[in-house]
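Read-outs throughout are calculated quantities, based only on the coordinates presented, and are distinct from any laboratory measurement. Only a predicted model underlies this, so the values are computations on that prediction, with no experimental measurement involved. Counting neighbours? That spans all protein chains shown, and the Cβs are built from the backbone with ideal geometry, glycine included.
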Amino acid sequence: MFKRLSPTPAKLTLPKTKLTITALLVSVAMAGCSPTQPSADDSASTESTSQSTSEAATDSTVATANNDNGTVAIDTVNGDVDLPVNPHPIAVYDMTLMQDLSALGVPVEGLPTNLHLDNLKAENTPDSIDIGTLFEPDMEALNAMQPKAILIGGRMASKYDTLKQMAPTLDMSIDTEHVYDSSKQRLADLGRLFNKEDKAAQLQQDIDNAIAEAKSASAGKGNALVVLINGNKISAFGEASRFGFLHTVFDIPMADPHIQDATHGQPVSFEYLQKTNPDWLFVLDRASAIGEEGIGAKAVLDNPLVHETNAWKNDHIVYLSPDSYLAYGGYYQWLKDAKLVTDSFSSTANN
């Protein structure tokens, strides 16, 4: 973090133009001409302010020129990165960051293709150019774009060394084990980077309010198991996973505290679901989230063994938003899934 220095009192000095005018006035007075007008207030500050000129823009464009507010240090997976405040153009390869930038109202000049969410771009901002996919950058497009900064997350992390040769690259991947603290830090950092700190604080308050409501609604109403359905395969996820926020942030107890930590979850069977017998079953339908065709999660779970669980018997099966898989830790993901929890638990009496 950079410490902002307070202005130091200094002896006032007259600008060069003021000295020139004063000399002329003295000369005129000595020549016996008319009296001169009083000089400007000597107590006026001599601090000059530079005003950036912005190019003419259409109704759908916004000014993206760098302002003259200095630099800011941003915390990343690879250490602090110093950047000018409000760098543009920017390229972004992570949907969590896209959600936060969209909510902040920051235009993004370069985005990958095949994005499956509709809340990744700020309203009334120019169209973005295609810069590859979430996993593979288009280096020719980036070279033509000449970004001032490239923002990436976990899906593009393996390309960090390549991208940093093009422009300053910030790996702002979310820490799944500490998703709330990590996402809060990322949102605040984006606010500082794009000179929108007040807006970032307001958005964080929205998230905190939604979380508080979800925690209140779910308190004392049973345990939960989180599963991802991918075709006919079922995986269970624990508190250290991308879906762990349901347990660590919303404080919903785990039906099985011994789930193995794995990026893609612990493979489980219908017998496991029956034995674990969760009060609530949170489900992510992966095929639906990424726009693939195939058997849906509801059809997969319509199984005699699942029918024996408390979750099925009490209609306590909640389908998580696609955002929880694609943009976990993003502004809109927090709001969507907090509302899902609040709405689902609010109509249920305490155990």
- Task: Kindly establish whether T125 is among the β-branched types (V, I, T), closer than 27 Å to A287 by Cα and over 16 Å from the mean Cα position of the chain (by Cα).
- Result: no
- What residue, among those in region 291-319 that are touching a strand residue (DSSP E or B) at 6+ places or on another chain (Cβ under 8 Å) and small (G, A, S), is farthest from L273 (Cα to Cα)? G296
- Message: Scan region 185-204 and tell me whether some residue there is of a type in the set (F, W, Y), surrounded by 21 or more Cβ atoms within 10 Å (Cβ to Cβ) and out of contact with any Cys (no Cβ under 6 Å at 6 or more places or on another chain).
- Response: yes
- Give the residues of region 266-314 that are within 15 Å of G231 (Cβ to Cβ), crowded, with 16+ Cβ neighbours inside 10 Å and hydroxyl-bearing (S, T, Y), sorted by residue number. S288
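Yes/no matrix, rows are residues, columns are (1) surrounded by fewer than 18 Cβ atoms within 10 Å (Cβ to Cβ); (2) hydrophobic (A, V, I, L, M, F, W, C); (3) assigned to a loop (DSSP other than H, G, I, E, B):
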position	(1), (2), (3)
I207	no, yes, no
A217	no, yes, no
K221	no, no, yes
A236	no, yes, no
F250	no, yes, yes
Q260	yes, no, yes
H264	yes, no, yes
